[in-house]
Amino acid sequence: MPRTRALAVFPGSFDPVTNGHLDIVRRGLAVFGRVRLAILVNSEKQPLFSVEERLEILREAFRGNPRVELDTFSGLLVDYARKVGASVILRGIRALSDFDYEFQMALMNRRLDPRIETVFMMPAESYTYVSSRLVKEVFQLGGRVSDLVPPVVERRLREKYRGKAPRAGASRTRAKRRKR
Ligand code: PNS
C-alpha cells in the first residue's frame, strides 16, 4: 500500500493498550512509514500499570513489527515530536464524545508548533466503545475482556489483580460453566 515516509507519534497513556489502539496503529502504518507509540510519563492520572510495565506490554503486543517504535516522553508533546523528527501526531477518535478533548489538544499543539500536524483516525466500529478505563473496570468486576485487548494485556491484568480484588463475576461465570 502506498504511504509516506513520515514518522507519526501516537501519544497516550496506554494503561493498558487495547485492541482499539492496535487498530489505530495498523491504520497509521498504512499511511505513515513508522508509528511511534509514546507513553506519557508523570501523567496526573493514577495508572494501574507502571510506565515500565506498559512498555513491556507494548513490546510484546508489537513484537516483530519493525515499523512500530516504542518510547516514553514527558513535558510537551510537540517538543517530543520535534526531538524525534515526527511531523505527525496520530490520535484515534472513537465517538463524538472524544471530539472536544481531542480538538482542544490538536489546536493547542498546532499553536505550540504549527509544523506538526495532528491526524485523527477512526478505529473499526467494533472498538468504538472500548477504552482502557472500561477494560480495567470490566475485568476487575469479572467480565470478559479477551476480545478487547491483546492476550498479553489479559495475562498482565490477571497477574495484577491476582489475590487483590474479588473478581466476583468471573467466579460466577466459571461456576455456571461447570454446571453445564
Ligand atoms: O491516552 P491519553 O491519556 O488520552 O493521552 C493524553 C496525551 C498523552 C496525548 C496528552 O495528555 C498529552 O499529549 N500530554 C502531554 C502534555 C502536553 O503536551 N500538553 C499540551 C498539549 S494539549
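Some notes on this structure:
- Of the GluC sites (Glu not before Pro) found in the stretch 1-91, those in coil by DSSP whose Cβ has at most 14 other Cβ atoms within 10 Å are 44.
- Secondary-structure-derived ellipticity at 222 nm for the chain, considering helices only, amounts to -13500 deg cm²/dmol, per-run term -39500 (n - 2.57) for DSSP H runs with n ≥ 4.
- Here the accessible area of the stretch 26-172 is 52 percent carbon and sulfur, with a 1.4 angstrom probe and all protein chains present.
- Taking the stretch 59-156 and dividing mean pair separation by its residue count, relative contact order in percent (alpha carbons under 8 Å, at least six apart): 26 percent
- Rounded D (µm²/s) - the stretch 1-144, Kirkwood Rh over Cα pairs, Stokes-Einstein at 4 °C, 1.567 mPa s: 83 µm²/s
- Relative contact order for the chain, counting Cα pairs under 8 Å that sit 6 or more residues apart, in percent: 26 percent
- Low-density loop cleavage sites - trypsin sites (Lys or Arg not before Pro) in the stretch 26-103, where at most 11 other Cβ are within 10 Å (DSSP): 45, 63
- Kirkwood Rh (inverse of mean 1/r, distinct Cα pairs), the stretch 100-151, angstrom: 13.6 Å
- Among the lysines of the chain, pairs at least eight places apart or on separate chains and with Cα atoms under 29 Å apart come to 12.
- Solvent-accessible surface of the chain, taken per residue with a 1.4 Å probe and all protein chains present: 60 Å².
- Near residue 119, the amide H atoms lying under 5 Å from its own belong to 89, 90, 91; only residues 5 or more places off or on other chains count, and H is placed 1.01 Å from N.
The values are calculated or read from the model by the stated rules, or taken from the named source; none is laboratory data. As the structure is a prediction and not an experimental result, all values here were calculated from the model. Every residue, glycine as well, gets a Cβ built from its backbone with ideal geometry; the counts of neighbours run over all protein chains shown. All accessible areas refer to the heavy atoms of the entire protein, side chains included, with ligands and DNA or RNA removed. Shrake-Rupley method; radii C 1.70, N 1.55, O 1.52, S 1.80 Å.
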